[in-house]
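Engineer: Quick one: the structure is below, questions incoming.
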Amino acid sequence: MDVVRSVGLRSRWVPIAAYAAAGAATQLVWLNFAGVTTVAATRYGVSETAIGWLAQVFPLVYVVLAIPAGLVLDRWFRSGLVVGVLLTALGAVLRLIGDDYSWLLVGQLVASIAQPVVLNAVTGITGRYLAEKDRPTGIAIGTAGIFAGMVIAFVLSAVYSSGSDLPTVLAVSAGFSVVAAGAMIVALRKEGEHRLDRARPDRGALRATWGDPLIRRLCVLAIFPFGVFVAITTFAQALLEPAGVSGETASTILLVNVVAGVAGSAVIPVLVVRRRAESTLLVTSLTATSLACVALALVPGALVGFVAITTIGLLLLPALPIVLELVERRTGEADGTGAGLIWMAGNLGGLLVATAVGLLVDHPTAAFLVLAVVALVAVPGASALRRSIAAL
């Protein structure tokens, strides 16, 4: 698979900044109800499980649409991304039409269809608007923006925590999504892509991408860190509650966790790629995550929770931009398909590991030990990548 080069071309950062905002919007809409499940259930007269499905539809739809979205981006990048940001904004606005659960679900479904298109574009937008030397930084900024959307969602949940505040949360999210969509569309129109003789992938793009042994290994590897992170963010409060950690404290721990991950994702991947230490970082982050989960299993509590879960966010979230940068470097013109495979594998891992931990939610020690094992199992695979990465 030929890799497209852009040495000597000027980097255009406006589309990258607009993309970071658009990526944040997808996560904001996804997680609007994560911190207010109980009050939302009361306001809309449904069960907490029903409110949970407002978030769960996103990974479920992602697993189904990740590959088709990647193929669309590879052939019609600008048009596909424009449709993605418009659907995100439309989904957020639809939730404002009626003050009832049905409109919330409709809006979430529309936005969940958009998410694979927007998130799969993180490598494509850097390849089309940045010089090769700046692409690791661009991918780091794009993924940090995506994670920043999680932070905004958690902050909104903390500030507007009552049932009467939910319309305000939805209005703020809709406004942010509309502005982000407008910024993305304007940036794509005003900033021209690099003219790189970039061939459109044919119908064999998926077969060729999946046929690459390195891409397959990266997809398998992505299952584990994604799975651990999703399970931790989903069940940390329930797992720490028996140790006397309040819901408010657990929410603060998760917020600090994601903030640390945003900071780490913006800085660590750039330094790691410069030193060609991708495999080392992946091994370190997975090992540290495993040890942190063991600590949570053996000595759970507020202090250990802060230290362990913050460490997980700081070291585990940067694994995503590192893996995506490797995919962009490897796949060239099929970067949308490659990114789609990684995101699909990660979301599948999130569903599988979170489901397993959910079955153990009443047994915190066992749940945290399962997460420790999941992280540790991936260490040999991350270490084995060293030789393949050196050959890129």
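Engineer: Got a sec? Which of ALA187, ALA199, ALA205 is at negative phi, hydrophobic (A, V, I, L, M, F, W, C) and modelled with pLDDT of 70 or more?
Structural biologist: On the way: ALA199 fails: modelled with pLDDT of 70 or more; ALA205 fails: modelled with pLDDT of 70 or more.
One residue alone meets the criteria, ALA187.
Engineer: Can I ask one more? Hey, can you tell me all the residues within the stretch 111-137 that are surrounded by fewer than 19 Cβ atoms within 10 Å (Cβ to Cβ) and of a type outside the set (D, E, K, R)?
Structural biologist: ALA131
Engineer: In the stretch 127-155, which residues are touching an Asp or Glu at 6+ places or on another chain (Cβ under 9 Å) and farther than 14 Å from ALA266 by Cβ?
Structural biologist: GLY127, ARG128, TYR129, ARG135, listed by residue number.
Engineer: Moving on. Go through the residues of the stretch 209-227 one by one and say whether even a single one is out of contact with any Asp or Glu (no Cβ under 8 Å at 6 or more places or on another chain), over 14 Å from ALA378 (Cβ atoms), of a type in the set (Asp, Glu) and open to solvent by 60 Å² or more (accessible area, probe 1.4 Å).
Structural biologist: As a first pass, look at the stretch 209-227 and keep what is out of contact with any Asp or Glu (no Cβ under 8 Å at 6 or more places or on another chain): 209-227.
Next, from what is left, pick out any that are over 14 Å from ALA378 (Cβ atoms): 209-216.
When the remaining residues are screened for being of a type in the set (Asp, Glu), the result is 212.
Add one more test, that the residue is open to solvent by 60 Å² or more (accessible area, probe 1.4 Å), and what stays is none.
Looking through the stretch 209-227, none of the residues is out of contact with any Asp or Glu (no Cβ under 8 Å at 6 or more places or on another chain), over 14 Å from ALA378 (Cβ atoms), of a type in the set (Asp, Glu) and open to solvent by 60 Å² or more (accessible area, probe 1.4 Å).
Engineer: Go through the stretch 380-392 and report how many residues are aliphatic (A, V, I, L, M) and exposed (fewer than 15 other Cβ atoms within 10 Å of the Cβ).
Structural biologist: Looking only at that region, the number is 4.
Engineer: Whether any residue in the stretch 248-260 is assigned to a loop (DSSP other than H, G, I, E, B) and open to solvent by less than 50 Å² (accessible area, probe 1.4 Å) is what I want to check.
Structural biologist: Within the stretch 248-260 (the criterion being assigned to a loop (DSSP other than H, G, I, E, B) and open to solvent by less than 50 Å² (accessible area, probe 1.4 Å)), the answer is no, since none of the residues qualifies.
Engineer: To continue, here is another question. Which one of the conditions (1) at pLDDT 85 or above; (2) closer than 20 Å to ARG217 by Cβ does VAL267 fail to meet, given that it meets all the rest?
Structural biologist: (2)
Results for (1) modelled with pLDDT of 80 or more; (2) closer than 21 Å to GLY346 by Cα; (3) among the basic types (Lys, Arg), shown as yes or no for each residue.
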residue: LEU214; (1), (2), (3): yes, yes, no
residue: ARG217; (1), (2), (3): yes, yes, yes
residue: LEU239; (1), (2), (3): yes, no, no
residue: ALA243; (1), (2), (3): yes, no, no
residue: THR249; (1), (2), (3): yes, no, no
residue: VAL262; (1), (2), (3): yes, yes, no
residue: LEU282; (1), (2), (3): yes, yes, no
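Engineer: Specify the residue that is surrounded by the most Cβ atoms within 10 Å (Cβ to Cβ); the eligible residues are those in the stretch 270-308 that are more than 22 Å from ILE223 (Cβ to Cβ) and not aliphatic (A, V, I, L, M).
Structural biologist: GLY305
Engineer: Which residues, counting only those in the stretch 339-379, are in contact with a Leu (Cβ under 6 Å, 6 or more places away or on another chain), surrounded by fewer than 16 Cβ atoms within 10 Å (Cβ to Cβ) and not aliphatic (A, V, I, L, M)?
Structural biologist: The answer is none; no residue qualifies.
Engineer: Restricting to the stretch 158-176, count the residues that are in a helix (DSSP H, G or I), open to solvent by 40 Å² or more (accessible area, probe 1.4 Å) and either among the aromatic types (Phe, Trp, Tyr) or within 30 Å of TRP76 (Cα to Cα) (or both).
Structural biologist: 1
Engineer: Within the stretch 69-92, count every residue that is open to solvent by 50 Å² or more (accessible area, probe 1.4 Å), closer than 21 Å to VAL106 by Cα and hydroxyl-bearing (Ser, Thr, Tyr).
Structural biologist: 0
Engineer: Now for a different question. Which residue pairs have Cβ atoms closer than 6 Å, lie 6 or more positions apart in sequence or on different chains, and pair a first residue in the stretch 119-136 that is touching a residue at least 40 places away in the same chain (Cβ under 8 Å) with a second residue that is among the polar types (S, T, N, Q) and open to solvent by less than 10 Å² (accessible area, probe 1.4 Å)?
Structural biologist: From the stretch 119-136, the pairs are ALA131/SER6; GLU132/SER6; ARG135/THR126.
Engineer: Could you tell me whether VAL155 is surrounded by fewer than 24 Cβ atoms within 10 Å (Cβ to Cβ), of a type in the set (Val, Ile, Thr), closer than 30 Å to ARG275 by Cα and modelled with pLDDT under 90? Outline the logic, then answer.
Structural biologist: Working: surrounded by fewer than 24 Cβ atoms within 10 Å (Cβ to Cβ): yes; of a type in the set (Val, Ile, Thr): yes; closer than 30 Å to ARG275 by Cα: no; modelled with pLDDT under 90: yes.
When the stated conditions are applied, VAL155 does not pass them.
The values are calculated or read from the model by the stated rules, or taken from the named source; none is laboratory data. Please read all numbers here as calculations on a predicted model, not as lab measurements. As a convention, Cβ positions derive from the backbone with ideal geometry for all residues, glycine included, and neighbour counts pool all protein chains shown. For accessibility, only protein heavy atoms count, side chains too; no ligands or nucleic acids. Shrake-Rupley method; radii C 1.70, N 1.55, O 1.52, S 1.80 Å.
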